[in-house]
Amino acid sequence: MEYWIDYKSFFMNAEIVRVLECFGHGPALLCATLRRFPRKMWVYKAYPNRLSIHETVWHLADREVVEYVHCRRFICGPSSGVPGIDSSPWASCYGSFYQDIKNAVNIIRALRMVLYRSLEKLPAIAWAATAEVPIYGRISLDQWLEIRERSFAEQISRMDDIYSEWLEVTSSAKAARLARKSRPMEMHVSTNS
């Protein structure tokens, strides 16, 4: 008789398994989200101090690098402090504007795959280990994973908001152009009556 063991459920509780699966599917969700938006609007910004979709994807890649380091410290040395790296200002850096989004997505995809594979093999005890993370304070690995997954989803939601704003602006502009084009015709019709 052959036995099959589901190692994920053997090692982790159901909620951690659920969040870990969402974490692992993050890059696919990002790619599906990007496919919904026309490329011409990826650089659109409603306000100069807000990120475009292009910058948001690079912000996600920068965060992925920093959080990869945080996670490795949780796994390999939970008692040691996690280095304080703030990637927030990186997204508005001029260099990301000229970088290809495919590279950012590849960074996210590669780091997520490595972390996902490492995390799915951890025993239950490892999920309770805590570490000091400068942005979050002292948290456990399972709390870190929940925060990461939630913040990734929030960034994707922001991309949807940017797209909605762009649609509103472009449809308003289109309506204004149509109104300007039709106005002379209306004047012509009214003067001939």
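Table for the structure above
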read-out	value
Residues being touching a strand residue (DSSP E or B) at 6+ places or on another chain (Cβ under 7 Å) and not in a helix (DSSP H, G or I) - total across the range 109-130	2
Selection within the range 31-76 - part of a helix (DSSP H, G or I) and among the aliphatic types (A, V, I, L, M)	32, 34, 41, 53, 57, 60, 61, 65, 66, 69, 75
Residue 92 at pLDDT below 95, surrounded by 15 or more Cβ atoms within 10 Å (Cβ to Cβ) and assigned to a loop (DSSP other than H, G, I, E, B)	yes
Test result for residue 148, modelled with pLDDT of 80 or more and assigned to a helix (DSSP H, G or I)	yes
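The values are calculated or read from the model by the stated rules, or taken from the named source; none is laboratory data. Quick caveat: nothing in here was measured; it's all calculated off a predicted structure. All Cβ positions, glycine included, derive from the backbone under ideal geometry; neighbour counts span all protein chains shown.
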